[in-house]
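K.L.:
To start, I am sharing the structure in question, which I have written as structure tokens.
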Amino acid sequence: MKVKVLCRNPDDYVRETTRDIQRVPRNYDPTLHPFEVPREYTRALNATKLERVFAKPFVASLDGHRDGISCIAKHAKSLSTVLSGACDGEVKVWNLPRRECVRTIQAHEGFVRGICSRFCGTSFFTVGDDKTIKQWNMEPPGCGVQEEPINTILGKAVVTGIDHHQREATFATCGQTVDIYDEQRSSPIRSFSWGVDSFSCVRYNPVETELLASCASDRSVVLYDMRESTPLRKVVMKLRSNTLCWNPMEAYYFTCSNEDYNLYTYDMRHLKCPVTVHMDHVSAVLDVDYSPTGREFVSASFDKTIRIFPKDKGHSREVYHTKRMQHVICVRWSADNKYVLSGSDEMNIRLWKANASEKLGVLSSREKIAANYNKKLIEKFQHHPQVKRIARHRHLPRDVLKQKKQQREMKEAKRRKEQNVRKHSKPGSVPLVPEKEKHVVAVLE
């Protein structure tokens, strides 16, 4: 029988007198350096500084439109192809690696309100102010052949949004009602309405493909199931939501962009209060799109900036802006999780890096190891005051900074007023409402 005994000799760690210096145990293993933590902290600080030095997110500008960009769509199968629609009814197909327009279509009279690719990538759909839904071939016509749509559906009212099913030959449009179309039929196979005069956005759930959600003009977000004849439920908010996007990895979560400068992430099973309120914009948020990993999303705002938010954090990790970029109308995250596309009022589509300091091109093995090591060091020391301060700092346009300061003062004044009212009222008569519950008016089944 083998017995292991722990032996501690007091002579190794107890001082003989109080004037003696403290005996510090030392590990003689050469791989463990006595100053390992200070050395790693210095490296983490340098890595954080270098990350901010090399943060150059702007990649390219795609210009060619003659009016403001109203919508952008990704190709369902190809990373290098992007579709864009403008306010003059023009649709362009872009090749991203060559950064050039490969095809131009005069699709509609008036605004192009929505554009989406078929799930197989062979064709795409557009809707516009001329009350038509048009299906176009993804491949350009032969030389000398006039550009004609494959199919045209004339609606009864203006269609404001469109989205295609992930696996089936059906698509959803929104206008005065939310309509479900079969590609082989010219009339909707199902229509949903809930006492609302118009809808601004409709999106299919990429995971639970029978579910849809739409943003309505009565400040509500409405959920639908294609297998049901009536809408499932709706949540009414204090201000109107412009667009929404489903999380591609978590089936029941979606994020909507709101007119009150915030974004709200909801769990569709519990709509009484949002899971997270994302606050950083200083003007109405006009569009939102998730990354393919479902961990982050990008938002476009009227304040001429785009921001990248972690899905579970209340504040953005990144903000992009340029002097020339005006109100950002639409935004998309590329399917390879590396780039962000934004379309704005001044007729430009801009390509940004999703990770601002990431090095483009082929990396050697040593570069990959160094990048991963620096990333881990920054994660390890991310809560240290110096590292945190450098990593969080962003240069903002003067107008945005001024508006942010004004909003902070207004919120502080409002909070002070509530505290004073509560202090001088009967105990319990003025309840303390959490921030998440302030923005939801009602949930209707």
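K.L.:
Which one of 31, 18 is open to solvent by 100 Å² or more (accessible area, probe 1.4 Å), of a type in the set (Val, Ile, Thr), at pLDDT below 90 and under 24 Å from residue 374 (Cα atoms)?
P.N.:
31
K.L.:
Residue check: is residue 25 touching a helix residue (DSSP H, G or I) at 6+ places or on another chain (Cβ under 9 Å), exposed (fewer than 12 other Cβ atoms within 10 Å of the Cβ) and either farther than 27 Å from residue 113 by Cα or of a type outside the set (Asp, Glu) (or both)?
P.N.:
Spelling it out, residue 25 is indeed touching a helix residue (DSSP H, G or I) at 6+ places or on another chain (Cβ under 9 Å), exposed (fewer than 12 other Cβ atoms within 10 Å of the Cβ) and either farther than 27 Å from residue 113 by Cα or of a type outside the set (Asp, Glu) (or both).
K.L.:
What are the residues in segment 141-165 that are surrounded by 15 or more Cβ atoms within 10 Å (Cβ to Cβ), of a type outside the set (A, V, I, L, M, F, W, C) and either at pLDDT 90 or above or over 17 Å from residue 128 (Cα atoms) (or both), if any? If you could, list the steps in order and put the result at the bottom.
P.N.:
Narrowing segment 141-165 to residues surrounded by 15 or more Cβ atoms within 10 Å (Cβ to Cβ): 149, 153, 155, 158-165.
Those left that are additionally of a type outside the set (A, V, I, L, M, F, W, C): 149, 155, 160-161, 163-165.
Passing the criteria: 149, 160, 161, 163, 164, 165.
K.L.:
Another question, then. With the requirement that a residue be more than 14 Å from the chain's Cα centre (by Cα) and either closer than 18 Å to residue 206 by Cβ or in contact (Cβ under 8 Å) with a residue 60 or more places away in the chain (or both), what does segment 276-304 give you?
P.N.:
Initial filter on segment 276-304 (more than 14 Å from the chain's Cα centre (by Cα)): 282-284, 302-304.
Hits for segment 276-304 are 282, 283, 303, 304.
K.L.:
Which of the residues spanning segment 273-313 are of a type in the set (Asp, Glu), at pLDDT 95 or above and within 14 Å of residue 253 (Cα to Cα)?
P.N.:
Within segment 273-313, 289, 296 qualify.
K.L.:
Related question: Please specify each residue of segment 362-388 satisfying the condition of being without any contact (Cβ under 8 Å) to a residue 60 or more places away in the chain and either closer than 26 Å to residue 304 by Cβ or of a type in the set (S, T, N, Q) (or both).
P.N.:
Passing the criteria: 364, 365, 372, 382.
K.L.:
I'd like the full set of residues that are assigned to a strand (DSSP E or B), of a type in the set (Val, Ile, Thr) and either without any contact (Cβ under 8 Å) to a residue 24 or more places away in the chain or closer than 21 Å to residue 247 by Cβ (or both), limited to segment 171-216. Break it down into steps so the answer makes sense when it comes.
P.N.:
So in segment 171-216, the residues assigned to a strand (DSSP E or B) come out as 171-174, 178-182, 190-192, 199-204, 211-216.
Then keep just the ones that are of a type in the set (Val, Ile, Thr); that gives 173, 178, 180, 202.
Once the filter is applied, which keeps residues that are assigned to a strand (DSSP E or B), of a type in the set (Val, Ile, Thr) and either without any contact (Cβ under 8 Å) to a residue 24 or more places away in the chain or closer than 21 Å to residue 247 by Cβ (or both), segment 171-216 yields 178, 202.
K.L.:
In segment 367-417, which residue that is polar (S, T, N, Q) and in a helix (DSSP H, G or I) is nearest to residue 431 (Cα to Cα)?
P.N.:
Ranking the candidates gives 407 first.
So that you can scan it fast, the table gives a plain yes or no per residue for (1) touching a helix residue (DSSP H, G or I) at 6+ places or on another chain (Cβ under 8 Å); (2) among the hydroxyl-bearing types (Ser, Thr, Tyr); (3) crowded, with 22+ Cβ neighbours inside 10 Å; (4) not in a loop (DSSP other than H, G, I, E, B):
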site: 67; (1), (2), (3), (4): no, no, no, no
site: 73; (1), (2), (3), (4): no, no, yes, yes
site: 78; (1), (2), (3), (4): no, yes, no, no
site: 98; (1), (2), (3), (4): no, no, no, no
site: 101; (1), (2), (3), (4): no, no, no, yes
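The values are calculated or read from the model by the stated rules, or taken from the named source; none is laboratory data. In this text, all values refer to a predicted model and were calculated from it rather than measured experimentally. Ideal geometry is used to build each Cβ from the backbone, glycine not excepted, and the neighbour counts take in all protein chains shown. Heavy atoms of the whole protein, side chains included, go into the accessibility calculation; ligands, DNA and RNA do not. Shrake-Rupley method; radii C 1.70, N 1.55, O 1.52, S 1.80 Å.
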